[in-house]
Amino acid sequence: GLITKERKNLDPAALPFAKDPGLILGLRDGDSLLEVVKKVKPDVLLGLSGVGGVFNEEVLKALRESGSNRPAIFAMSNPTMNAECTAVEAFKHAGENIVFASGSPFENVQLGNGKVGYVNQANNMYLFPGIGLGALLSGARIITDDMLQAAAECLASYMTDQDIEKGILYPSINSIRDITAEVGASVVRAAVAEEVAEGYGKVDPEELAYMSKEETVEYVRRNMWYPNYSPLVQQK
């Protein structure tokens with residue numbers, strides 16, 4: 001339920017999310033998700049609970065009263081059985097104008113009259129490989145907030161206004177290698193800008209600093225792994 005600063009024995013990890021009772025008029029510690037959604041009228045429901053179905057029909061219908069004309073539902077828990085709701089449930093109960101993303105894969109939802117409810121699988125494959133490779137190739141010993149911010153902004157730059165208007169939040173998986181190279185390069189350049197880059201192999205920090213954006217992308221691309229295997233059995 002709702003976490004407030006009045007709760008006793010509050011887990012330290014939850015403390016940053018605890019609300020001041022004086023700022024949440026009409027709500028009390030432990031109030032249900034449904035009660036919170038009805039009172040707060042949120043623009044976004046972010047599900048990280050690992051509890052399947054917690055975004056039930058009542059909760060999703062309550063989101064129709066959101067102040068946003070395109071409320072977002074992120075049912076992020078894996079596997080599919082633990083997803084807070086399915087894509088079909090989200091579009092059916094919360095409305096056709098929502099933006100939907102999930103941790104588990106779901107098919108796009110056919111809404112009728114040629115309309116499609118787009119499902120976005122918010123998978124870490126879009127960022128984690130590029131962040132890791134960029135950190136390695138920069139020689140950074142830490143991954144800073146600015147490096148993560150650079151990676152996120154790089155990924156977002158792939159999307160057009162038309163995509164966003166349709167409810168499409170992520171680029172095609174067919175572009176994943178190009179995305180990883182660009183994300184990795186953005187992480188390298190952020191590390192250089194913050195002076196945490198120490199270089200990698202024969203490439204020192206000064207050389208990284210003099211690379212153009214295009215040269216940095218090519219540097220990352222050259223150091224990517226490609227799954228090209230030699231045949232183990234000779235065919236006659």
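Given the DSSP H assignment, sum -39500 (n - 2.57) over each helix run of at least 4 residues in the chain and divide by its residue total; what's the result at 222 nm in deg cm²/dmol, nearest 500? Show your work: numbers first, answer last.
Working: 9 runs with 85 residues, N = 236.
Estimated from H runs of four or more residues: -10500 deg cm²/dmol.
How large is log10 I(q)/I(0) at q = 0.08, 0.12, 0.13, 0.17 Å⁻¹ when the Debye formula is applied to the Cα atoms of the chain, each weighted equally and without solvent?
The calculated log intensity ratios at q = 0.08, 0.12, 0.13, 0.17 Å⁻¹ are -0.44, -0.86, -0.94, -1.16.
Check each of the chymotrypsin sites (Phe, Trp or Tyr not before Pro) in the range 160-236 and keep only those in coil by DSSP with at most 13 other C-beta atoms within 10 angstrom; list them in order. All intermediate terms of the calculation are to be shown ahead of the outcome.
Details: sites: Tyr200, Tyr210, Tyr219, Trp225, Tyr229; in loops: Trp225, Tyr229.
Those that pass, being in a loop and sparsely packed, are Trp225, Tyr229.
Where the only charges are on Cβ atoms (+1 Lys, Arg; -1 Asp, Glu), what is the dipole of the chain about its Cα centre, to the nearest 20 debye? Walk me through the numbers on the way to the answer.
Values: 22 positive and 31 negative charges, 148 e Å.
Rounded to the nearest 20 debye, it is 720 debye.
As I understand it, the dipole of the chain uses +1 on the Cβ of Lys and Arg and -1 on the Cβ of Asp and Glu, about the Cα centre. Which of Phe128, Ala83, Ser66 lies farthest toward its positive end?
Highest projection toward the positive end goes to Ala83.
Can you count the Lys pairs in the chain whose Cα atoms are under 19 Å apart, with each pair 8 or more apart or on different chains?
Taking the chain as the scope, the lysine pair count is 15.
Long-range amide H contacts for Gly47: which residues qualify at under 5 Å (H placed 1.01 Å from N, peptide plane, sequence gap of 5 or more or a different chain)?
Correct list: Phe74, Ala75, Met76.
Amide H neighbours of Val116 under 5 Å, at least 5 residues apart or on other chains, H built in the peptide plane: list them.
Close amide H contacts, sequence-distant or interchain: Leu111.
With both bridge residues required to lie in the chain, what share of the DSSP beta bridges run antiparallel, to the nearest 5%?
Values: 4 of 16 bridges.
Percent antiparallel among DSSP bridges in the chain is about 25.
Report, largest value first, the span of the C-alpha coordinates of the range 121-236 along each principal axis, in whole Å.
Its Cα atoms span 55, 45, 23 Å along the three principal axes.
Read-outs throughout are calculated quantities, based only on the coordinates presented, and are distinct from any laboratory measurement. Everything quoted here is computed from the prediction, not taken from an experiment. Heads up, the Cβs are rebuilt from the backbone with ideal geometry, glycines too, and the neighbour counts pull from every protein chain shown.
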